[in-house]
C-alpha cells in the first residue's frame, strides 16, 4: 500500500499523535551513510504534511513500547505500519532488530503484518520485555550518533510559512484587544494622570502582545516553531512603521538627520519586539513538551 499525502492529512492527528507517528517512522529509518534518498523522502514528506519535527532532544524519550502505547487510534496505527512497510521496501536492508520492531508494533496493535520483501514473518520472533528495551536503546544511540543525522534531518517539517501568517493575525487581534484595554485604563486614570505612566503602559502592552503571540504559536504549533511567530509579528510592524515614517516626513518636513534617528528608533524597537516574540515562542515550546 502506497501512502499518499491525502491519506496522512485525512486523519487530522493531534500534536501528540504527530510526534509519536514521526518517532514510529524513525524506528526503522536507516542510520548509516548508505541510507537511500527514497527512504529519507518518505519520512520528510510525512514531516511536511504533518508539520511535525523530531528534535535531537526528543530522542531522550525514544522508546518503542511508548510509541506503541501513545498511538491509540486504529486508523493511525494502520497508516504508520503502511509507511513503515514503504520505508522497508525503499531500504531493502533492514536489520533484524528493525524487523522485530515491526512485528512488535503489529502485535501490540493487533494488526496484520505488512508485506516486506525478503521477510518471512513466521521465522521472526516477537521481542518482549527486556529485548524491546535493548532494541530501543540501541536505535536511540544510532540516531543520536553521526550516522543518524540524515534520518533525523529528514524528520523536519522545515520553515512553516503558515505560522508566519497565523502569528501576524494573532498579533493583530491581541494587540487590538490590549490597545482597547489600555484606552480603558487611561480613561479611568483621568486627565490628571502622569503622561510618563501612560507611555510606559503603552510600551509594556506592546511588548506583552509580542510575548503572548509567541507563546500562543509556540504552544499551538507542532514541532519547533520559533522564528515563524517572530517574523509574523514584525511584518505588521514594518508596514505600520514604514507608513508612519513616510507620513511624518511628508507632513512635518523633517530633516534627513532627524529622519535617520526616527528610522534607527523604529529598527531598534522592531528588533526588541522580535526578540520578545522569540522568548514567548520558546516558553510556548517549553510548555508543549511532553
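All of the numbers you see were taken from the coordinates with simple rules; none came from a lab. These numbers come from a predicted model, not from an experiment. Here the Cβ positions follow ideal geometry from the backbone for every residue, glycine too, while neighbour counts run over all protein chains shown.
When you have a sec, figure out the Kirkwood radius of the chain from all distinct Cα pair distances and drop it here in Å to one decimal?
Hydrodynamic radius (Kirkwood, Cα only) of the chain equals 22.0 Å.
If R0 is 35 Å, what FRET efficiency do you get for residue 74 and residue 179 from their C-beta distance, rounded to 0.05? Please list the in-between numbers first.
Values: r = 48 Å, r/R0 = 1.38.
The value I calculate is 0.15.
Pop the C-beta distance of residue 247 and residue 82 into the FRET formula with R0 = 51 Å and round what comes out to the nearest 0.05. Mind dumping the intermediate values first?
Details: r = 58 Å, r/R0 = 1.14.
Using R0 = 51 Å, I get an efficiency of 0.30.
Between the helical axis of 96-109 and the dominant principal axis of the chain, each derived from Cα atoms, what acute angle in degrees is found, rounded to the nearest 10?
In the chain, helix 96-109 runs at an angle near 80 degrees to the longest axis.
Quick one: the Cα spread of region 161-287 along its three principal axes, in angstroms, biggest first?
Principal-axis extents of the Cα atoms in region 161-287, largest first: 48, 38, 18 Å.
Please list the radius of gyration and Dmax for region 5-154, considering alpha-carbon atoms only, with Å as the unit.
Rg then Dmax for region 5-154, in Å: 13.9, 38.
Tell me what the chain gives for mean residue ellipticity at 222 nm when only DSSP H runs of n ≥ 4 count, each as -39,500 (n - 2.57), the sum divided by the residue total, rounded to 500 deg cm²/dmol.
Working: 12 runs with 205 residues, N = 290.
Taking each H run of at least 4 residues, the total per residue is -23500 deg cm²/dmol.
Just want the ordering: 243, 163, 121, from fewest to most Cβ atoms lying within 10 Å of their own Cβ. Please list the in-between numbers first.
Working: 243 10, 163 25, 121 15.
Fewest to most other Cβ atoms nearby, the residues stand as 243, 121, 163.
Pairing the Cα long axis of helix 37-50 with the longest principal axis of the chain, what angle in degrees results, from 0 to 90 and rounded to the nearest 10?
Result, in degrees: 50.
What is the gain in length, in nm to one decimal, between residue 261 and residue 120 on full extension, counting 0.36 nm per residue of separation less the C-alpha to C-alpha distance?
43.4 nm
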